[in-house]
Amino acid sequence: MTYNDKANQINYPFILPALPYSKDAFASHFTAETFDYHHGKHHQDYVTNLNNLLEKDQNFAGQDLESIILNAAASNNNGIFNNAAQVWNHTFFWHSIKPNGGSKPSGEMLMQIEKDFGSYDEFAFAFKEAAVTQFGSGWAWLVYYEDRLQIVKTANAETPITKKMQPLLACDVWEHAYYIDYRNKRPDYVSIYIDHMINWDFAEENMQKVR
Ligand code: FE2
């Protein structure tokens, strides 16, 4: 079983998956320029670097992207791990957001949030806190682990799947995710992510796989 079919890829050479919306779809919050750079250059670079490294290292031949991430982590192959994880993390991130998303979810997602965090507001506060306090580059995640929702943050390319946690949502807090539109104001970007961008349908789909 994969952690996420949309973020996983079956075969080398790996590709840059298309965005699930047009790059100007977030125009009121993010310019197309952000997507040109973040998807078209940063995400593309991770794909290119990964393929170049794999061309010279046959230890991962025939493995899917998630297996490469887990095996590279286990064998401390930092070059392949960093690029493979960033390819996966970014594809997962593009699906974690959608135009006119965010704010309070409904249905089972809301019930689970209220069970595990007390209220939606408490969840939103804790998620923002994690995203804002991740020192340097990294990610904030909503995961389902040990029968409950949990918020975790990871540094650089690190990803919760190496700890067997099921990711539900990712928020990219690398500066390249927000610098064009928000400059150094990470808290403003995280608030926009929470209030206007979260794809709760994607989060619920991911939760139902493991709950
Ligand atoms: Fe990024």
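The values are calculated or read from the model by the stated rules, or taken from the named source; none is laboratory data. Computed from a predicted model, the values in this text were never measured in an experiment. Here the Cβ is made from the backbone with ideal geometry for all residues, glycine too, and neighbour counts use every protein chain on show. The area values use the complete protein model at the heavy-atom level, side chains included, leaving out ligands, DNA and RNA. Shrake-Rupley method; radii C 1.70, N 1.55, O 1.52, S 1.80 Å.
Descriptive notes on the structure:
- Angle between the chain longest axis and helix 107-117 axis [Cα atoms, degrees, rounded to 10]: 90 degrees
- Angstrom value of the Kirkwood radius, inverse mean 1/r, which spans all Cα pairs in the range 108-159: 11.5 Å
- Across all C-alpha atoms in the chain, the radius of gyration and Dmax reach 16.5, 50 Å.
- Spin-label zone in the range 73-96 - amide nitrogen under 16 Å from a point set 7 Å from the Cα of Lys56 along the C-beta vector: 77-84
- Packing-based ranking, highest mean first, of 13-20, 85-92 given that Cβ atoms within 10 Å are counted: 85-92, 13-20
- Averaged per residue, the chain has 47 square angstrom of accessible surface, using a 1.4 angstrom probe with ligands and nucleic acids left out.
- Relative contact order, whole percent, for the range 107-208 stands at 26, derived from Cα pairs under 8 Å and 6 or more residues apart.
- The charge dipole of the range 134-211, taken about its Cα centre with unit charges on the Cβ of Lys, Arg, Asp and Glu (plus for the first two, minus for the last two), comes to roughly 260 debye.
- Taking the Cα centre of the range 32-96 as reference, the dipole from Cβ charges on Lys and Arg (+1) and Asp and Glu (-1) amounts to some 100 debye.
- Here the chain is treated with +1 on each Lys and Arg Cβ and -1 on each Asp and Glu Cβ, and its dipole about the Cα centre works out to around 200 debye.
- Whichever lysines have a C-alpha closer than 20 Å to that of Lys128, once near sequence neighbours (fewer than 8 apart) are set aside: Lys98, Lys104, Lys115, Lys153, Lys185
- Rounded tilt (10° steps) of 65-74 against the dominant C-alpha axis of the chain: 80 degrees
- Computed over the chain, relative contact order equals 23 percent, with contacts defined as Cα pairs under 8 Å that lie 6+ residues apart.
- Counting only protein heavy atoms and a probe of 1.4 Å, the accessible surface of the chain is 49% carbon and sulfur.
- Qualifying aspartates and glutamates (Cα of each under 15 Å from Cα of Lys209; at least 8 residues distant if same chain): Asp5, Glu108, Glu146, Asp147, Asp201
- Over the range 107-208: Rg over Rh, Cα atoms, Kirkwood Rh: 0.95
- Rounded to the nearest 10 degrees, the inclination of helix 200-210 to the longest alpha-carbon principal axis of the chain is 60 degrees.
- Each listed q (0.17, 0.26, 0.30 Å⁻¹) maps to a log10 I(q)/I(0) for the range 32-96 from the Debye sum over equal C-alpha point scatterers, namely -0.57, -1.10, -1.32.
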